[in-house]
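What follows is one structure encoded as C-alpha cells, with my remarks underneath.
The values are calculated or read from the model by the stated rules, or taken from the named source; none is laboratory data. All values derive from a computational prediction rather than experimental measurement. Note: ideal-geometry Cβ built from the backbone for every residue, glycine included; neighbour counts use all protein chains shown. Protein only, heavy atoms only, side chains kept; ligands, DNA and RNA dropped before computing areas. Shrake-Rupley method; radii C 1.70, N 1.55, O 1.52, S 1.80 Å.
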Protein chains: 2
Amino acid sequence: MISKQDLLSAHKNITPYVHNTPILHSSYIDSLAGCQIYFKCENFQKMGAFKMRGAINAIKHLTDEERQKGVVTHSSGNFAQAVALGAKVLGVKAYIVMPSNAPKVKKNAVLDYGGEVIDCEPTITAREAMAAKVQQEKGAAFLHPYNQNEVIAGQGTAAIELFKEIEDIEIILTPVGGGGLISGTALACHYFSPNIQVIGAEPENVDDAYRSLISGKIEINETTDTIADGLRTTLGDITFPIIQEHVKEILLVSEAEIKFAMKLIWERMKIIIEPSCAVPLAAVLRNESKFKNKKIGIILSGGNVDLTKFFDNL
Amino acid sequence: MISKQDLLSAHKNITPYVHNTPILHSSYIDSLAGCQIYFKCENFQKMGAFKMRGAINAIKHLTDEERQKGVVTHSSGNFAQAVALGAKVLGVKAYIVMPSNAPKVKKNAVLDYGGEVIDCEPTITAREAMAAKVQQEKGAAFLHPYNQNEVIAGQGTAAIELFKEIEDIEIILTPVGGGGLISGTALACHYFSPNIQVIGAEPENVDDAYRSLISGKIEINETTDTIADGLRTTLGDITFPIIQEHVKEILLVSEAEIKFAMKLIWERMKIIIEPSCAVPLAAVLRNESKFKNKKIGIILSGGNVDLTKFFDNL
C-alpha cells in the first residue's frame, strides 16, 4: 500500500534532483478541443521524461549498504536513462540490462549518464534473467520500471505539482503503459485532490489496460504495433489494482489520432514530445462532448525522440 | 532616430498583445559551450516569432483614420503572419502581398489569421510594385518587415525583457537578416543596459551584413543558399546605420554548424526553433574562447518550421 505519507516523502526526496517542470497551455488547442488544457511538461524533465522522478525516489529509499552495491534495471527506454542519471547524481553505480538490438542512441544516452550497459538477448525472459544474474553477482538492488511502490510514488509527484499550481482542475489524463504514471497520478489525486477524475489514454493497438479493466485480470498485448513506443508494456500486479480502484476509465485512440495530436503540439506549442504523450490529447479531441468546457490537466510524459532522420534530410 | 522613449512606449504598446516569453537555459549546452547561455524563447511568441512585436507596435502607431484603411506588407515569412495576426487583434484590415510560389502552408497561416493574401510574381520588384498598388488603391499603410522605426523599436522589446529578468548579462547575440531584430536589440542595450555587447550572427552563405560592416555600405547577397531562410534579406538604410554604430561585430557560421546547433536545441531543450535562430548558438560554439565563462543572452527568434515531411515519414 502506498500511503499519503509515501507520496509526501517521495516529493521531498526528489525535489532537490528534478525540475519542477513548467505547465504550458495553448489557446489554439483549447479552442480546437473546446476545453481548457494545462500541459505538465515532463518532456523538460531531467533526461527528458517523468521517469526521473520514480528512479530518484526508489534509489533514495535504499539503505547506505544497498547503495554501495549499486542498482540494476532492465529497460531500453526512458527508465534506463532515468536510473543511469538518477544513480549518477546520487553517487550510486548503475547496471542497465539492455537488449542487444536496442538503438545505439539509447545505449549511448545511458553511457553518457555513466551507466554500465549489459547486453542481453532481445526477449523479456532474457532481460529478466540477466537482471537477476546481476542482482545476484553484484548484490545490486533491482529497480522495476513501474511495478514498484517507490517508483509509483515518485511518478505521482508530477500530478501534485500540477494541481498545486493550477487550481480547480477537474480531470487529469495520462498515457498508460505499465501503469506507473497513471497509478501514481491516481493516488496523488485520491489523497490530495479527490475531486479530480483520473482518466487513462491508450493506443487501440496496445489496449491491454483497457481490456484488463473490463476482464478484471491483467491482459497482455498480442502485438506491439504502435508509434507510442513507451506504451507497449502491460500492467503489473501492483499498478493494476491501483488503476482498478482509482482510475475512472481508459480511452482508446487510433494511430492516426496519435500522430495528429503529436503534430498539433509540435506545431502550435513549439515543443518536442514523444508519441506516447500525445495519446491523452488525442483522447480529448476524440471525445469532445465528454470534456466540453472542462478544466483538464495532461501530463506530457517525455520528449526523447530520435530526430536523426529529420536532420539528415534537412 | 529611435529614442529611449520610443522603446519604452513600444514596450507599453505591445505588452497587452504579446507574450512575455519564457527564458530557458540548458546545463548541457552550457557545459558544451563553456559559458552560461540564456535563451529568450520568441519561438513561443504569438504566431511563433518575435515579428509580432514590431507588427503590433507599428499598427499601434497609426492614426484612427489610417487604421480604418488597413495595412499592407509584402513578405512570405513570419512578418506576413505577424501583420495578419497583429491587425486582427487590433481590428484592422491586413493586405499581405505574397509571391505566387510561396508555400501553401504560409499562405494558409496568413488566411487563418484573417489576412487577405494578394498574389504577385516571385520577384522583389513585383512584390514592391504590388504593395505600392495596394497602398494607392486602398489607402492602406505600408509596414516594412524591418526597415521602419516602429518595427525596430518593437523588436527591441525582447531584449528589454531578457536583461530585465536575467541580471548581469554581458553579451546578447541575435541572428541578422534585414537587421530589424539586431538593431532594436542594440538600441535597447544602448539605452538601458550599455554594458551589454551586442553581437550578430550570420550564415557564411548570406554574409551581406558582415561585408557591409567592412565596406561601409549596404552589400547584397549573390546567392541565398542557406537553410536559415529568415536571414536571406539584406540590410536596410535605417537598420544599417544603427548596426554600424551599436553592434560590436558580426560572426559567420557554416551551414553544418547551423544544423548542429539547431539539432542540439531540439534534442536537449525539447523545443522547436527555426534554422535562423540556431545561428547565434552556432557562433558561440565556433568561437569558444571569445565567449569563455561569459553570461550570454540569445534571442531565439522563431519556431515556424514546416514539419510535414517529418510527420509524413513517421
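Summary of values
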| item | result |
| --- | --- |
| Cβ-derived FRET efficiency at R0 41 Å, residue B:25 paired with residue B:128, nearest 0.05 | 0.50 |
| R0 of 30 Å, Cβ-Cβ distance residue B:100-residue A:268: FRET efficiency to nearest 0.05 | 0.65 |
| Reachable lysines, given that their alpha-carbon falls under 18 Å from the alpha-carbon of residue B:138 and they are not under 8 places away in the same chain | B:69, B:88, B:93 |
| Quotient of Cα Rg and 2.2 N^0.38 Å for the range A:27-70, N being how many residues it contains | 1.94 |
| Value of Rg/Rh across the range A:1-77 [Cα atoms, Kirkwood radius] | 1.11 |
| Backbone HN-Hα couplings from phi across the range A:204-217 [Karplus 6.51/-1.76/1.60, Hz, Gly and Pro as x] | 3, 6, 9, 8, 4, 5, 4, 5, 5, 5, 6, 7, x, 9 |
| In the B-A interface, the accessible area buried, summed over both sides, Å² (probe 1.4 Å) | 2300 |
| Set of the range A:1-39 residues, backbone N closer than 20 Å to the point 7 Å along the Cα-Cβ line of residue A:167 | A:23-25, A:36-39 |
| Residues along the range A:294-310 losing 30 Å² or more of accessible surface when the other protein chains are present rather than the chain by itself (probe 1.4 Å) | A:307, A:310 |
| Translational diffusion of chain B, µm² s⁻¹ [Kirkwood Rh, Cα pairs; Stokes-Einstein; 20 °C; 1.002 mPa s] | 111 |
| For the protein assembly as shown: accessible area per residue (Å², 1.4 Å) | 40 |
| Portion, in percent, of the accessible area of the range B:8-132 that falls on carbon or sulfur, probe 1.4 Å | 51 |
| Cα-derived Rg over Rh, computed across the range A:201-314 with Rh taken as Kirkwood radius | 0.99 |
| Relative contact order [Cα under 8 Å, 6+ residues apart], chain B, whole percent | 21 |
| Size descriptor, Kirkwood hydrodynamic radius, that averages inverse alpha-carbon separations across the protein assembly as shown, Å | 25.9 |
| 222 nm mean residue ellipticity, helices alone, for chain B (DSSP H n ≥ 4; -39,500 (n - 2.57); rounded to 500) | -13500 deg cm²/dmol |
| Across A:259/B:107; B:46/B:107; A:46/A:133; A:107/B:295; A:46/A:106, pairs whose alpha-carbon gap is larger than 26 Å | A:46/A:133; A:107/B:295 |
| Computed E for residue A:5/residue A:306 - FRET, C-beta separation, R0 25 angstrom, nearest 0.05 | 0.05 |
| Protection proxy ranking of B:141-147, B:215-221, A:28-34 - average other beta-carbon atoms within 10 Å, highest first | B:141-147, A:28-34, B:215-221 |
| Net charge contributed by nearby residues that have their C-beta within less than 15 Å of residue B:93 (K/R +1, D/E -1) | -1 |
